[in-house]
C-alpha cells in the first residue's frame, strides 16, 4: 500500500490516508504532502498520481521503467530525479542497488520505489529527527532522501576500501589457493567499483542542479545540500582512487606472477645445465672408439670426477647468482 503523510505548518497532521484525499491538500500553501509508492505492490498507483498531481507523461514513463540513469529533469510544474541506494550484501559481499524515482513540487514529494529493498523507514526517521526543518517544505523532505542515499554510497566506498586493504595483505602470499583468491577478489572489486561509479558519479550533477533551484533549496536548506554535495564529491573521488588502486593491484599481481615464472624458469634451466654435465661425459665415454682410460679403472674414475666436479661447479655458480 502507498504511504502518505501530511505536514501543516511544520507539524505532522495526518498519515497513511488515501491518495484521493491528496488533492484537498495540494493547493494549501501551508501544507506539505509526501507520497510513497512501490511499483511492485501497486501497478495502478502511478496512473492515479499522474492525474492527481498533473505530472508530465515522460517523467511518469521514466518512473515506471527500471535501469534509469541517475539524473535530474526540470518540468514546468515539478522536478523529476532518479537515484540509486547502495548497500553491501552481507552474504555475498557484493553491491546491492535499489532504484528510486522522485517527483518534487513546491509542497509535495513523491517517491517511487522500484523494489522493496529501499529502506524508507530510515528516511522517515531522519525527517522525524529534525521537526524544526519540516516547515521548509518538500526541499527538506528531499534532503532527507538524498542524505540517506549518499550516506549509503559513502558506506559502500568505505567497505570496498577495507576489502582492498585486506586484498593487499594477501597479494604476496605464494600459496596457490591464495593466488587464485586474490585474482577472483580483484575481479569482483573491479566489477563493484565500476557499478558504484555508475551510480555515484552522476549524483554530482543531480545535487548541483538542485542547489541552483531556489524554489526547492532556500537559504535555510542550502548548508544541508552543500553538506550532501560535499559527501558526493568525496565518495566520487574515493571511488576513482579505489579504481586506480584495484588496477594497480591487478598489475602488481600479474607482475608478481611473471617474476615467479621467471624464477621457476631459472631454476629449471639451472638444473637442466647441471644434468647436462653427466649426460655429456657419459655420452663421450660411451663411444665405440678407444679413448684415454678405455677398459681401465682409471677411465671410470676420471669420468666420475669430471661429472662430480663439473656438476658441483655449476651448482656453486648458480647458487651464487641466486638462480637456485
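The strands (runs of 3 or more DSSP E) located wholly in segment 57-130 that include 2 or more residues which are under 22 Å from residue 215 (Cβ atoms) and within 20 Å of the chain's Cα centre (by Cα) occupy 79-88.
For segment 114-129, how many residues meet the condition of being surrounded by 12 or more Cβ atoms within 10 Å (Cβ to Cβ) and touching a strand residue (DSSP E or B) at 6+ places or on another chain (Cβ under 7 Å)? Break it down into steps so the answer makes sense when it comes.
Step one: of segment 114-129, the residues surrounded by 12 or more Cβ atoms within 10 Å (Cβ to Cβ) are 114-115, 117-120, 122-127.
So of that shortlist, the ones also touching a strand residue (DSSP E or B) at 6+ places or on another chain (Cβ under 7 Å) come out as 114-115, 117-118, 120.
Residues in segment 114-129 being surrounded by 12 or more Cβ atoms within 10 Å (Cβ to Cβ) and touching a strand residue (DSSP E or B) at 6+ places or on another chain (Cβ under 7 Å): 5 in total.
Just one of (1) touching a residue at least 60 places away in the same chain (Cβ under 8 Å); (2) buried (at least 19 other Cβ atoms within 10 Å of the Cβ) fails for residue 213. It is (2).
Residue 204 meets all of the listed conditions (1) surrounded by fewer than 13 Cβ atoms within 10 Å (Cβ to Cβ); (2) free of Cβ contacts under 8 Å to residues at least 40 places away in the same chain but one, namely (1). The set of residues in segment 51-92 being at pLDDT below 80 and either within 26 Å of residue 28 (Cβ to Cβ) or in contact with a helix residue (DSSP H, G or I) (Cβ under 7 Å, 6 or more places away or on another chain) (or both) consists of 51, 52. Close Cβ contacts (under 9 Å, 6 or more residues apart or on different chains) running from residues in segment 298-320 that are under 15 Å from residue 282 (Cβ atoms) and assigned by TED's automatic domain parsing to the domain that holds residue 279 to residues that are at pLDDT below 80 and not in a helix (DSSP H, G or I) comprise 299/291; 299/292; 299/293; 300/293; 301/293; 302/292; 302/293; 303/293.
Looking for whichever is under 56 Å from the mean Cα position of the chain (by Cα), on the phi < 0 side of the Ramachandran plot and assigned to a loop (DSSP other than H, G, I, E, B) here; the options are 239, 220, 255. Which one fits? I'd like the intermediate steps shown before the answer.
On the way: 239 fails: assigned to a loop (DSSP other than H, G, I, E, B); 255 fails: assigned to a loop (DSSP other than H, G, I, E, B).
Of the residues listed, the single one that is under 56 Å from the mean Cα position of the chain (by Cα), on the phi < 0 side of the Ramachandran plot and assigned to a loop (DSSP other than H, G, I, E, B) is 220.
The values are calculated or read from the model by the stated rules, or taken from the named source; none is laboratory data. From a predicted model like this one, the values you see are computed outputs, not experimental measurements. All Cβ positions, even for glycine, are placed from backbone atoms using ideal geometry, and neighbour counts span all protein chains on display.
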